[in-house]
Amino acid sequence: MTPTRSRGHRVFQVINAVILTGVVIVTLYPFVNIIARSFSDERYILSGQVNLVPRGFNLTTYRIVISDPMFWTNYANTVVYTVVATAIAMTLTTCYAYVLSKKHLKGRTVLIWVAIFTMIFSGGLIPQYVLVNGLGLTNSIWAIVLPNAISVFNLLVMKTFFENLPSELEEAAAIDGLNTYGILARIVLPLSKAVIATMVLFYAVSFWNSWFTAFLYLNEAELFPVTIYLRNLIAGATGAESAGAITAEVSQAAANIQSVAITLTVLPILAVYPFVQRYFVSGVMLGAVKG
């Protein structure tokens, strides 16, 4: 029998629906506006006539950017950096979190505080640059990957998730003859798809959108990620050494270059998100039940 809902409960549902609808509208409006601007003619953008629908349909800037070979080189760099960095980050984070989830481990508290300390305190930009340069990592993929290989926030979320898994499963696997690595690979990881998918999304978005690390450690245009390429377009720094000889054409489409840059940058993440969305909420919630 369906319980009768009180008048207060129905009022709450209506108010909640109104508030959430407002949040959705506020969240989507800027993004839809950016897409509309990217397809609009610059005179309509400058006059403030573009809202949610493109005005004076225009593909000039898309054509300029997409026809440049350096754009595709930098785009391929971003894909490689994101895939490699995410794979390394997930491997290190998963192993570290699994170790920290074992309460009987000697020195566990020290290892936890070592991770937390790095989240609170940092050596600073100059010491980090000196370290990376001293290790000979500049102008290589490792300058992008290694300095940000572990996010302490992601580490703590995964640690909490592993702690919530039934210990009886691991004990039964150990009785059956599995060692620590076998238990992690054959028992723990298959049960952790939700949190793994969530962490992959977090890391992938972070590495895909990152530009400052590349700006700091990479000096050759052929090694730049697409975020640096698009940053240079937006800033007008589109000389032959960074984005090809397209400055004159870009200047004519300056009104919507930023919108095109944002749209092209965010599309891959939007394409990936639907495949991991079903794991997203459950992964974050299950990994944040207790500290």
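Exactly one of these conditions fails for Gly107: (1) at positive phi; (2) of a type outside the set (S, T, N, Q); (3) assigned by TED's automatic domain parsing to the domain that holds Asn33. Give me its number. Looking at each condition in turn, Gly107 falls short on (3). Six or more apart or on different chains, Cβ atoms under 7 Å: show the pairs whose first residue is in region 176-203 and free of Cβ contacts under 8 Å to residues at least 12 places away in the same chain and whose second is assigned to a helix (DSSP H, G or I) and surrounded by fewer than 19 Cβ atoms within 10 Å (Cβ to Cβ). Hits for this filter: Leu178/Arg186. It is to be established whether one or more residues within region 151-174 are in a helix (DSSP H, G or I), of a type in the set (Phe, Trp, Tyr) and surrounded by fewer than 14 Cβ atoms within 10 Å (Cβ to Cβ). Scanning region 151-174, I find at least one residue that is in a helix (DSSP H, G or I), of a type in the set (Phe, Trp, Tyr) and surrounded by fewer than 14 Cβ atoms within 10 Å (Cβ to Cβ), so the answer is yes. Would you say Gly177 is more than 21 Å from Tyr62 (Cβ to Cβ), modelled with pLDDT of 80 or more, assigned to a loop (DSSP other than H, G, I, E, B) and small (Gly, Ala, Ser)? Yes; evaluated as a whole, the condition is true for this residue.
Of the residues screened, Asn133 is not one that is under 29 Å from Tyr217 (Cα atoms), polar (S, T, N, Q) and in contact with a Phe, Trp or Tyr (Cβ under 7 Å, 6 or more places away or on another chain). Among the residues making up region 116-139, those that are at pLDDT 85 or above and closer than 30 Å to Thr160 by Cα are Ile116, Phe117, Gln128.
For (1) in the same structural domain as Ser259 (by TED's automatic domain parsing); (2) over 29 Å from Ala214 (Cα atoms); (3) of a type outside the set (D, E, K, R); (4) under 22 Å from the mean Cα position of the chain (by Cα), each residue gets a yes or a no:
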residue	(1), (2), (3), (4)
Ser6	no, yes, yes, no
Ile19	no, yes, yes, no
Ala36	no, yes, yes, no
Asp41	no, yes, no, no
Asn77	yes, no, yes, yes
Ala87	yes, no, yes, yes
Met90	yes, no, yes, yes
Cys95	yes, no, yes, yes
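Here Ser151 qualifies as under 17 Å from the mean Cα position of the chain (by Cα) and closer than 24 Å to Val114 by Cα.
The values are calculated or read from the model by the stated rules, or taken from the named source; none is laboratory data. Predicted, not measured: the structure shown is a model, and the values here were computed from it. Every residue, glycine among them, receives a Cβ derived from its backbone with ideal geometry; neighbour counts consider all protein chains shown.
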